[in-house]
Every structure is written in C-alpha cells, then in structure tokens.
Amino acid sequence: MQKNLSMFVRRLTHVCSLKPYKETKWLMPNGNPIGVYVYNCVAGQRVPVILNDPHIATWYSCGPTVYDSAHIGHASCYVKLDIVQRILTSFFNIKLVTAMGITDIDDKIIKKAKETNSDFRTVAKQYEHEFWLDLSSLNIEKPLIITRVSDHMNTIESFVQKLVDSEMAYIAGDGSVYFDTDKFPAYGKLEKQQETVESNSTDKRNAMDFAVWKGEKPGEPSWQASWGKGRPGWHIECSAMVSKVFGSQIDFHAGGIDLRFPHHENEEAQSCAFHGTRQWANYWIHVGHLQMKGDTKMSKSLKNTISIPKLLESFSADTFRMACLTSHYRYSIEYSDKVMKTAEDNLKKFKFFLKDAFNYVNDNTKTIGYYNDKLLHELQTAEESILEALKHDFDTAKCVTTLLSLVSSANKLMKTDSSEYYPVPITLIAEFVTSILQKFGLKLHESSEEAVSDSLIDTLVEFRHTVRLNALSRKDKELLNACDIVRDKMKSIKVQINDSNKTPSWVFTK
Ligand SMILES: [Zn+2]
C-alpha cells in the first residue's frame with residue numbers, strides 16, 4: 001500500500017512538472033476505480049478504469065460516413081461495442097451516456113450525390129436511416145445522443161477558430177486550415193509514427209499536419225466561416241461534437257482499430273490543444289476487424305462486402321452476436337462457414353439446455369427434490385470466473401467457454417438415470433445462463449419464431465377485420481360483440497389492435 005502511494009506521488013510530481021501538450025504517456029485519471037481493467041493503446045497495457053462519478057461514464061463512438069449501405073465489417077464493430085457497453089451497464093452498474101457522430105458531409109457523399117443526380121443531404125439521410133435499421137436488426141442499442149456534422153457547423157467553426165487564435169492551427173493559401181503538429185510534441189501518443197507521412201498539399205507546413213477545415217471547392221457544398229468558405233475536415237467533427245456534449249474530457253472513446261491512426265490521434269491532439277489539457281480521452285476502445293477467410297479485410301474498395309440484411313438471411317442476429325462474443329473485442333474475427341457454424345452450435349447448446357431444464361424441473365413424475373452441492377459449487381465458481389474475465393478487458397470468449405462447461409455439467413446431471421431429482425441447481429443454472437446471455441444482448445428466441453407469431457397475429461387481425469366489417473354492414477350486434485371480445489383478449493396478451501383505419505394495424509404494447 002505504502003509502495004503504491006509513493007509511486008503515485010512520484011508519478012503525480014512527474015506529471016505536474018510537464019509542460020502542456022508534451023505528455024505522451026497515459027495519465028491515470030482522478031476518481032473512483034470501478035474494478036475493471038481495459039487495454040489502452042497510449043499506455044500499451046491494461047489500465048484501471050477510474051471514473052469521476054463511480055456510476056456515470058461518458059462514451060463516444062465514431063459513427064459511419066453515410067454514403068453507402070453498411071456491411072458485416074461494420075456490424076461486427078458495432079455489435080462488439082454494444083457488448084462492451086452492455087457489460088459496463090449490466091455487470092458494473094455504470095450509467096453510460098452514449099453518443100455517436102454521423103458524418104453526413106464528406107467527399108464520398110458528394111460523389112454519390114453527383115452519381116445519383118441527388119443532393120448530399122438526401123444521400124446522407126437515406127443511408128443514415130438504413131444504418132439505424134441495420135443496427136436495430138442486430139439488437140444494437142441506439143446511442144442516447146446522435147450528433148450530425150451538418151447540424152454542428154457553428155460548433156465546429158468555433159473549435160477551429162480557437163485553434164487558429166491560439167496558433168495551434170494555421171490558415172493556408174487555399175482557405176484550408178491545418179493543425180500544426182509541430183506545436184504539439186505529444187503527437188503520436190496513440191500510435192508511434194516511424195515513417196513520415198507524405199505531404200499531399202503544398203500548403204502544409206509539415207507533412208504530418210492535417211486539415212481541420214477544407215477550403216471551398218467549386219460546385220461543392222460549403223459553409224461560411226470567419227476565414228472563408230469551406231467545410232470541416234473529418235477529424236475535427238468528432239472533437240468538436242464530443243466537446244459540445246461532454247466538455248473537456250471523455251471517459252470512453254471507441255471505434256474500429258483502423259481509426260486509431262490518424263483519426264483518433266488527430267482527435268486527441270486537437271482536443272488537448274483546444275481544451276489546454278494533457279489527456280482528452282481517458283480510455284480508447286479499439287475493435288479488431290472482421291476478416292474474410294485468408295486474412296482479407298472486408299471493404300468496399302475490395303468489393304467483397306456482405307450487407308447486413310444478406311447476413312441475416314443466413315444467420316440470426318443472435319448467431320452473429322455469439323460469433324462476436326467468442327472473439328475478444330480487440331482481436332480480428334474471421335467470417336467463415338466454420339466460425340458461423342460454431343457460433344450456431346454454441347447457441348443451440350444453450351437453447352436446448354434451457355428447454356431441457358424447463359422440462360426437467362417441471363417433470364410431474366418426480367416426487368422429491370434434492371440439492372447437489374457439487375453443481376451448486378460449480379455454479380458459484382462460474383459466477384466468479386465470469387466476473388473476473390469481464391473485469392479484465394471484457395473477455396467474453398472466456399465467459400462463453402465457462403458457460404458451456406457449466407451447461408455440460410448440468411446436462412450430465414439431468415441425463416443421469418437416477419431416482420434423484422435436482423430442480424434447485426438446474427433452475428439456478430438455467431436462470432444464470434439466461435441472465436448472462438441476455439446481458440450480452442442475446443434475445444434467445446429464434447427470429448423464425450418471431451416471424452411465425454407475427455404472421456399468426458396478422459392473420460387473426462385481418463380475419464377479425466373482415467368479420468367486423470361484415471357485421472357492421474349487417475348491424476349484427478352479436479358478431480360485433482364477439483369481435484370486441486377478441487380485441488380485449490388480444491389486449492390482455494399485449495397486442496393492441498387499432499380499428500380506426502381502413503386497414504387494421506396492431507402493436508405489441510410490452
Ligand atoms: Zn471520430
């Protein structure tokens with residue numbers, strides 16, 4: 001304890017003696033440790049998660065540039081981030097304030113608008129709408145706050161202006177504004193740069209400088225800033241929008257591993273410069289890629305993408321999530337028949353166990369129940385092991401292995417041909433398995449089952465509608481009364497029918 005304290009004081013003294021912007025190491029935040037350790041690329045190792053308020057954390061994810069349909073590479077990134085968020089919320093009792101930025105103005109969007117003879121806003125709106133539908137079909141929680149670049153031009157302009165005023169950025173001849181990396185010695189703290197980036201602009205002072213504002217190009221959308229017309233650079237958008245929402249520091253900042261450099265590096269540099277701080281994002285969460293077989297990255301430029309609706313034609317959202325759970329969030333995940341088959345098999349093992357457990361516990365032929373200390377002990381060990389795995393960089397793969405082993409032991413006990421009957425440990429294990437999997441965001445019921453139930457309700461509602469119209473025209477009170485009874489019965493099972501339109505509609509009210 002004393003050793004830790006003296007180390008802490010030494011570190012604090014070291015930090016205080018530094019000049020602003022020079023800190024290239026990770027700084028331990030002040031506050032309340034929540035018992036979780038997460039890998040941080042600035043520290044190059046796992047570091048403790050320390051929050052200002054032990055139950056509140058801020059989280060920003062870089063969202064998509066909405067110029068095309070999302071593919072399963074995006075799906076794996078957002079499913080994995082959703083899992084990490086759910087772990088913080090459900091296992092560690094953290095209220096997460098989540099935000100996501102949507103890049104709705106960009107070269108690719110402008111290109112798409114030109115190709116489709118459309119307006120950039122229409123293109124962006126269409127693909128953003130599609131993106132949220134995709135996320136919902138994968139059971140990904142929508143962020144609580146959504147920030148769109150085109151809605152935040154004033155915020156971004158003020159951000160750039162402050163960088164210019166403090167001489168951390170400079171205005172080039174073509175009206176573009178560049179961040180001056182020479183003024184920020186900590187540049188490269190997320191990813192050490194060995195090679196010099198080739199300058200693609202003669203207006204830059206240094207090759208590493210990056211545009212925070214792009215000067216106006218003829219025929220392209222632009223916004224008026226005090227130094228001239230143009231539009232924001234990609235990196236500045238996130239910094240300005242995060243600062244607007246969360247202020248001078250953020251707990252978690254997340255995105256795919258490809259965003260670490262230059263996007264997140266640049267975000268960190270300009271945000272530290274803007275706020276006059278040494279550390280802006282305390283925890284960088286970088287998700288590994290989804291690879292096609294043979295280590296090929298899935299990308300639009302390689303034309304090997306699979307859309308999310310196409311994925312869901314072959315596999316359920318639960319199966320895809322199970323595949324994501326069995327690969328650590330930081331590591332790449334291979335999309336192959338073998339990986340998906342394993343995920344499907346694992347999911348089936350859990351589902352069959354839950355059904356078998358229910359039937360076993362409700363077996364009317366049994367007369368007396370017993371405890372089973374060995375199985376109860378195994379359950380307790382599994383509970384502890386899962387919490388430990390999650391505390392150490394959200395190791396969901398280990399959790400799945402632990403749960404499968406527990407299920408295997410429970411299955412063995414249920415299948416033992418014995419007069420002994422163990423409803424208590426089997427019920428507890430079934431409850432535990434359900435609770436953990438649901439906390440990871442699995443729905444645990446087949447989408448085909450959902451489709452069948454929806455279709456049955458549709459059929460019933462349509463049939464009732466036809467009967468009701470007929471009864472109304474014949475003024476058949478008895479039949480109308482029967483229709484009302486059906487409506488009320490449906491309401492009692494949380495299906496509310498709306499008769500007021502020409503075509504009847506219904507919703508689940510749960
Ligand atoms: Zn970003």
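The values are calculated or read from the model by the stated rules, or taken from the named source; none is laboratory data. As the structure is a computational prediction, the values presented were derived from the model and not from experiment. Note that each Cβ is placed from the backbone with ideal geometry, even for glycine, and that neighbours are counted across all protein chains shown.
Values for this structure:
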{"read-out": "Residue among ALA389, ALA382 that is over 18 Å from LEU428 (Cβ atoms) and in a helix (DSSP H, G or I)", "value": "ALA389"}
{"read-out": "Selection from region 87-106 of residues that are more than 16 Å from the ligand (Cβ to nearest atom) and either farther than 29 Å from CYS324 by Cβ or without any contact (Cβ under 8 Å) to a residue 12 or more places away in the chain (or both)", "value": "THR89"}
{"read-out": "Set ARG46, ARG86: member being within 14 Å of the chain's Cα centre (by Cα) and surrounded by fewer than 21 Cβ atoms within 10 Å (Cβ to Cβ)", "value": "ARG86"}
{"read-out": "All positions within region 49-65 that are buried (at least 18 other Cβ atoms within 10 Å of the Cβ) and more than 16 Å from the ligand (Cβ to nearest atom)", "value": "VAL49, LEU51, ALA57"}
{"read-out": "Matching entry among LEU133, LEU138 (being free of Cβ contacts under 8 Å to residues at least 24 places away in the same chain, more than 22 Å from MET241 (Cα to Cα) and not polar (S, T, N, Q))", "value": "LEU133"}
{"read-out": "Test: ASP182 is surrounded by fewer than 20 Cβ atoms within 10 Å (Cβ to Cβ) and in a loop (DSSP other than H, G, I, E, B)", "value": "no"}
{"read-out": "Test: residue in region 470-477 that is acidic (Asp, Glu), at pLDDT below 90 and either farther than 30 Å from SER90 by Cβ or not assigned by TED's automatic domain parsing to the domain that holds TRP284 (or both)", "value": "no"}
{"read-out": "Set ALA343, ALA317: member being of a type in the set (Gly, Ala, Ser) and over 30 Å from LYS108 (Cα atoms)", "value": "ALA343"}
{"read-out": "Tally, over region 304-338, of residues that are of a type in the set (Val, Ile, Thr) and outside any helix (DSSP H, G or I)", "value": "4"}
